[in-house]
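One structure below.
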Amino acid sequence: MSVPVLPVPRPAGPVDARRWPDVARPPHVSRARAAVAERIVRRAIRPLPLRVRLAGEREPAGAGGPLMEVRDPRAFFARIAAGGTIGFGESYMAGEWDAPDLVGVLSAFAEHAATLVPRPLQRLRKVWAPAQPAGHRNTADATRANISHHYDLSNDLFALFLDDTLTYSSALFRGFPAEQHLLEAAQHRKIDRLLDLAETGPGTRLLEIGTGWGELAIRAAARGADVVTVTLSSEQQELAARRVRDAGLDDRVTILLRDYRAITGTYDAVVSVEMIEAVGAEFWPEYFTALGRLLVPGGHAALQAITMPHDRMLASRSTHTWIQKYIFPGGLLPSTEAIEETAGRSGGLAVTARDTFGPHYAETLRLWRERFTARAEEVGALGFDETFRRMWTFYLAYSEAGFRSGYLDVQQLRLTKGTTA
């Protein structure tokens, strides 16, 4: 059965060149380079479960599946020729291509990510792929700016698409498909399992690295734990402190604006939810050294981490991606192997429990994306223009596709510190 071609929105008016200089107009590339990019793209999509129709062509190319409409082929191929996957995302932001089923299209690419680029070009990745900007390295000075880029956008923006717990990480559902009204309970289920992994209870001295908007700290304090939680986002610190006060738990929770490298003291347990992705491979040894230093012997660190396959992490860790440029500067997803090896070598920590639940993140992202889309006018009223809304929609769909395809996973791990020094 054919998939109907649905109308898809384009940005209202021209892209603001002051806010989006690399999106406002396609880069200038030679015809030869654009032609090579077009040949590579056409060859890559031919075997995919995907249909791609370029403006001016009557029939889409591809092996069937969701439809991708390229409205401006010249600009689309120029962007890919100049920036690879960054150009692919910028072309979507500019409205040069769209899809009635955006997640389906991105899932088709994610499922075949390892083979999209011809093998000879993969060996030359350092030549054609953009390198990580030096300014995005997660040094103690630069990390706060990287975190602020995303988490200090607006508390009101995040409140529009998150549930009432303001939890910005994968939930844990009882079954699928998930529904909006079940998201809050699913977030509490995820938090409770992490606290159980860390053996958090009355009197536990608990450190949380990455406060978010305070829900985990509130839940831990309600168990009777004494919580110190650290963040680099001033917006999050302010709202989290207010939520802790409203819960009547400010005598049990201390919220610090502090880098993980500057934390002092010792703790019975450490919990960190989807924060390691912002550390960067260069600094993973420092991160796990800090965990080992802060934990008492026999103590547990309970982490929730988004992971990717080890070979793909090694291939991409030195290159610059669309998600790093626009969403999470300095970020890198670790592999399970990287976590286990670095935690043991740098922190004296052994993985003593591990559970994966990637499909739950796909559902969490779907619910966020649907709510974000439904409240687009309210997002606009906060001052976020159409290009931003397309960027955010692409980010949520891109992430969802990663989990639906199995390219990405999310897991909870318990790391235990040895009882001998």
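Below are the figures for this structure:
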| read-out | value |
| --- | --- |
| Qualifying residue in the stretch 162-179 (condition: in contact with a strand residue (DSSP E or B) (Cβ under 6 Å, 6 or more places away or on another chain), over 20 Å from Val296 (Cα atoms) and modelled with pLDDT of 95 or more) | yes |
| Condition check for Gly83: touching a residue at least 12 places away in the same chain (Cβ under 8 Å), closer than 19 Å to Thr373 by Cβ and among the small types (Gly, Ala, Ser) | no |
| His300 vs. criteria assigned to a strand (DSSP E or B), crowded, with 18+ Cβ neighbours inside 10 Å and of a type outside the set (A, V, I, L, M, F, W, C) | yes |
| Any hit, the stretch 235-246, residues being closer than 30 Å to Glu337 by Cβ, of a type outside the set (Phe, Trp, Tyr) and either assigned to a strand (DSSP E or B) or without any contact (Cβ under 8 Å) to a residue 40 or more places away in the chain (or both) | no |
| Residues (over 18 Å from the mean Cα position of the chain (by Cα) and surrounded by fewer than 15 Cβ atoms within 10 Å (Cβ to Cβ)) located in the stretch 135-166 | Gly135, Ala140, Asp141, Asp156, Asp164 |
| Residue within the stretch 315-327 that is closer than 29 Å to Val296 by Cα, under 15 Å from the mean Cα position of the chain (by Cα), outside the structural domain of Met93 (by TED's automatic domain parsing) and crowded, with 16+ Cβ neighbours inside 10 Å present | no |
| Helices (runs of 4 or more DSSP H) completely within the stretch 305-421 that count 1 or more residues being of a type in the set (Lys, Arg) | 310-316, 322-326, 336-347, 358-374, 386-404 |
| Flag for Asp72 being of a type outside the set (A, V, I, L, M, F, W, C), out of contact with any Phe, Trp or Tyr (no Cβ under 9 Å at 6 or more places or on another chain) and either closer than 23 Å to Ala110 by Cα or not assigned by TED's automatic domain parsing to the domain that holds Glu377 (or both) | no |
| Residue within the stretch 390-397 that is under 30 Å from Ala269 (Cα atoms), under 13 Å from the mean Cα position of the chain (by Cα) and buried (at least 22 other Cβ atoms within 10 Å of the Cβ) present | no |
| Failed condition for Leu195, given (1) at pLDDT 95 or above; (2) loosely packed, with under 15 Cβ neighbours inside 10 Å | (2) |
| Conditions (1) more than 30 Å from Gly292 (Cα to Cα); (2) crowded, with 21+ Cβ neighbours inside 10 Å: number failed by Leu349 | (1) |
| Number of positions in the stretch 228-254 that are closer than 21 Å to Ala305 by Cα and among the β-branched types (Val, Ile, Thr) | 4 |
| The stretch 61-83 - residue that is of a type outside the set (A, V, I, L, M) and modelled with pLDDT under 90 and, of those, surrounded by the most Cβ atoms within 10 Å (Cβ to Cβ) | Gly62 |
| Failed item, numbered, when Asn138 is tested on (1) assigned by TED's automatic domain parsing to the domain that holds Arg371; (2) touching a Phe, Trp or Tyr at 6+ places or on another chain (Cβ under 8 Å); (3) at pLDDT below 95 | (1) |
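Okay, residues lined up against (1) of a type in the set (S, T, N, Q); (2) crowded, with 21+ Cβ neighbours inside 10 Å; (3) on the phi < 0 side of the Ramachandran plot:
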{"residue": "Glu208", "(1), (2), (3)": "no, yes, yes"}
{"residue": "Gly212", "(1), (2), (3)": "no, yes, no"}
{"residue": "Ala220", "(1), (2), (3)": "no, yes, yes"}
{"residue": "Gly224", "(1), (2), (3)": "no, no, no"}
{"residue": "Thr231", "(1), (2), (3)": "yes, yes, yes"}
{"residue": "Leu257", "(1), (2), (3)": "no, no, yes"}
{"residue": "Gly265", "(1), (2), (3)": "no, no, no"}
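A quick yes/no check of all residues on (1) touching a strand residue (DSSP E or B) at 6+ places or on another chain (Cβ under 9 Å); (2) free of Cβ contacts under 8 Å to residues at least 40 places away in the same chain; (3) of a type in the set (Phe, Trp, Tyr):
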| position | (1), (2), (3) |
| --- | --- |
| Leu256 | yes, yes, no |
| Thr289 | no, no, no |
| Gly299 | yes, no, no |
| Thr307 | yes, no, no |
| Ile323 | no, no, no |
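The values are calculated or read from the model by the stated rules, or taken from the named source; none is laboratory data. Quick caveat, the model's predicted, so the values are computed rather than measured. Quick reminder, even Gly has a Cβ in these numbers, built from the backbone with ideal geometry, and neighbours come from all protein chains shown.
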